[in-house]
Amino acid sequence: MTSWHLSCSVPPETRRIIHIDMDAFYASVESRDDPSLRGKPLAVGGSPTSRGVVMAANYEARAFGVRSAIPMARAVRLCPQLAIVRPDFARYKAVSQQVMAILRSCTPLVEPCRSTRPISTSRKISGRAARDQHRKAHQGAHPRRAGAHCLGGVAPNKFLAKIASGWQKPDGLTVMP
C-alpha cells in the first residue's frame, strides 16, 4: 500500500490531516498500463511454482480471498483464473513520484508514508480536492492513466485520518470532524 498524510500547522482543535491511500497500488499501476488486465483478477508478486507471495491484489482478486502476503500458490488455488504480474519497482517509483508532484501542487506540506509513517498538507486543501487532483491526473487525455484507486480520510490526527481513508473503498472519502 502506498499512502500519504497531508497536515498543517494550526491549533489542534482546527488541525486537519488528509490521508491519501493508493489502494492496491502495484495492481492499479499494472492494470492502468495494460488495459487487458482491467476487470480481471490480478495479483502482483512472485511465481506460484516457487516461494512467491502476493504483493498486491486488485478488488476482483480479493473477491476470491486473494490478499497481500499470502503464498502465490495459494492465491492460484483460490482463483485459478488469476493473472500474475511480476513487480516493476522502477515503474512504481516513477508513478509514486508523479503522485507526490500532484500532491505538492496542492501544498508543500506532503510526506510519504512508510507503512505507518504519514504525510502532511495545508489547511486550505480539502481531502476531496487532493483526491480529485489525483483522479484528474490519472484520467486525463492519455488512456493509460485510468484505473488507479485513491482513498481519502480527513481527521484531526494521523491515526484517525488513516482509519477514515479505509471506510469507503475502493474510491471514497471520509471526513471525521
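We did not get these values from a lab; they are worked out from the coordinates using the rules stated. From a predicted model like this one, the values you see are computed outputs, not experimental measurements. All Cβ positions, glycine included, derive from the backbone under ideal geometry; neighbour counts span all protein chains shown.
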Label model pair Arg86, Arg38: point-to-point distance (7 angstrom along the Cα→beta-carbon line) in nm is 2.6
Cβ-Cβ FRET estimate between Trp167 and Ala63, R0 fixed at 22 Å, reported to 0.05:
0.70
Per-residue Cβ contact counts at 10 Å, fewest first, order Met176, Met55 as Met176, Met55
